[in-house]
Amino acid sequence: MENHSRDKGKATQTDNEDKDDLQSVLTLQRHLLMEAKTLDSDLDFAFQLQMQEAFSASLSVHHPSSSLDVTLSPPSDMGFDYVTLMLQDIERFEMERKDREESEEEMRRFRNDLNRSNYDQNFARYIMNVPEQEWNNYGDNYERPYDGNVVESQNEGFRVYVKGLVSEERIREMKVTVGGVGVAICDFWNNLVLELRKKLDGAEFMTGEMAGVEAVIHGLNAALSLDLKRVTLFVDDFLVYQFITGRQQPGQSKLGTKVNEVSLLQKRFTYFQPSFAARNDMSFVFKLARDAIVSQITWPVETSNGKGLKETCMICFEDTDATQMFTVDGCFHRYCFSCMKQHVEVKLLNAMVASCPHEGCNTEVTIDSCGKFLDPKLVEIMSNRKKEASIAVSEKVYCAFPRCSALMSKSEVLQYTRTVMLVAEQSGARKCVKCHRFFCIYCKVPWHFDMTCIDYKRLNPHPAREDAMLNTLATKKRWRECIKCKHVIELGGGCYHITCRCGFEFCYTCGAEWRNKKPTCSCPIWDEPNIIHNRQRRQ
């Protein structure tokens, strides 16, 4: 153990000496280049002075009477400034070296934290297996200080989630294709260990599958940099999964070269298992890849509040403050608040659920996120619209109090009522989940505590004013009520066989049920004048 620590210390000392030597060489080279540039400038200036004196002497010989004072401006430098270019290269190299050292130091810190975590888990597992009697006698003497060495997990491996994206975006008047990679490494219990977001160089020449394979390479390299030996890789692209498992060959191409690189990286692990994951399980790493893309399509600007970022909306093509861009949950496409507000409002007016406006994307726009740019009343409409779509027609029930009229499902309101009334199902009483008042699910009126439904109807033979108006209008317009869901239907034309939106089939003339696509009544199926009238109206 002492030899290992001594060797580790020597290696660290050697690395530090190498860094100092490299820094000395760079400093010396920069100093020599600056001296060369200064000398070159001095020689050039001396040459220009000599040329000016020679030209003045020539004028005085050929034109002795001329008192013209000639001053030559220094000639423009038409040559290529190699010295400046070399100095820029040195500065760039030194910056890249510092970035690399910072990245390596960060990785070392991650490795140390990970090793300490593995050590703690292994030691805790060891203590858990100590017999109780032994622990009672010697538990206070159990010590095992962490020595900083690499600790291998016994059975558990690490989970590597990767996602690569290529997307066509807009930067001001220019369309660009950019790519991003998201990587998340978690331990066996899915605790986050490391996350990365990187841009993809050359994304304009990549397909989605190639970006996915690039993401796999970045993820495996990140795992190796943490000295991980047992990993399970998660991808949500089925074709990428086929490539890395060898079930499908990409052929002799650039993609094939990348797949071969993945195969070589796999061999450096003692355990490697690729796994195909659902899109919902990869949303967090998907967001990392989208963040890498967004970082490439924004640019800094000076604002009244200081420095900010601008981004181009893909709908209106306007340059917008990045804080005023809306991100669709799930797909993470971004549009300005103004365009999204108009898009969602149009969908609502057409009784449709709003989805992402990106071509080919069907991600639903969540109600909670729309609160950033929509009027609260519209948010409530969206919420009700979504709830209506999620509840079967036969399951819908509305609160009997007109000022509430909250929509609920029968099972939802029954479950809610059972928390305060054990005999809710037998009694027919229901407690509204919104206004918390009781109503009768059979009579559709406020709850009649001291009487049955039959007694209530005998004492209240006349319907409520609103119901009476609806019944009068229905009789006048010859509307028919579905006996199953109570939905009122108007026949615009055609036959009398009606299929309600709840699925119940009945005769429009008498309301009798249809069974097995056949009527149970003797009413005519259709009326010729009604059919002809319908055809004429269409013409």
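The values are calculated or read from the model by the stated rules, or taken from the named source; none is laboratory data. Note that this is a predicted model, so its numbers are computed, not measured. For neighbour counting, all protein chains shown are included, and Cβ atoms are generated from backbone atoms with ideal geometry for every residue, glycine included. When the accessible area is computed, the model is the full protein with side chains, heavy atoms only, and any ligands, DNA or RNA have been set aside. Shrake-Rupley method; radii C 1.70, N 1.55, O 1.52, S 1.80 Å.
Looking at the range 313-420, the chymotrypsin sites (Phe, Trp or Tyr not before Pro) that sit in a DSSP loop and have at most 16 other Cβ atoms within 10 Å of their own Cβ are Phe317.
Counted by Cβ distance under 14 Å from Lys310, the other residues give a net charge of -3, where Lys and Arg count +1 and Asp and Glu count -1. Per residue, the range 476-530 exposes an accessible area of 67 Å² to a 1.4 Å probe, with every protein chain left in place. Net charge dipole, the range 396-461: roughly 240 debye, given to the nearest 20, about the Cα centre with Cβ charges of +1 for Lys and Arg and -1 for Asp and Glu.
Just flag the chymotrypsin sites (Phe, Trp or Tyr not before Pro) in the range 178-209 sitting in loop per DSSP whose Cβ has no more than 16 other Cβ atoms within 10 Å. Can you show the working numbers first?
Numbers: sites: Phe188, Trp189, Phe205; in loops: Phe188, Trp189.
Loop-located and lightly packed - Phe188, Trp189.
Scalar couplings 3J(HN,Hα) for the range 425-440, obtained by applying the Karplus form with A = 6.51, B = -1.76, C = 1.60 to θ = phi - 60°, are 5, 6, 7, x, 6, 9, 9, 5, 6, 9, 8, 6, 9, 8, 9, 8 Hz; x denotes Gly and Pro. In this structure Thr472 has an accessible area near 90 Å², from a 1.4 Å probe over the protein heavy atoms. The candidates Ile391, Ile293, arranged from most to least accessible area with a 1.4 Å probe in the full protein assembly, appear as Ile391, Ile293.
Let me spell out the model: positive unit charges on the Cβ of Lys and Arg, negative unit charges on the Cβ of Asp and Glu, origin at the Cα centre of the range 158-290. What dipole size does that give, in debye rounded to 20?
Working: 18 positive and 14 negative charges, 29 e Å.
It works out to roughly 140 debye.
Give the ranking of Asp187, Asp450, Asp227 by solvent-accessible surface, highest area first, calculated with a 1.4 Å probe. Show your work: numbers first, answer last.
Working: Asp187 20, Asp450 130, Asp227 65 Å².
Output order, biggest surface exposure first: Asp450, Asp227, Asp187.
In this view, the solvent-accessible surface of Thr298, computed with a 1.4 Å probe and all protein chains in place, comes to about 30 Å². Surface listing: His343, His358 arranged by accessible area from highest to lowest gives His358, His343, probe 1.4 Å.
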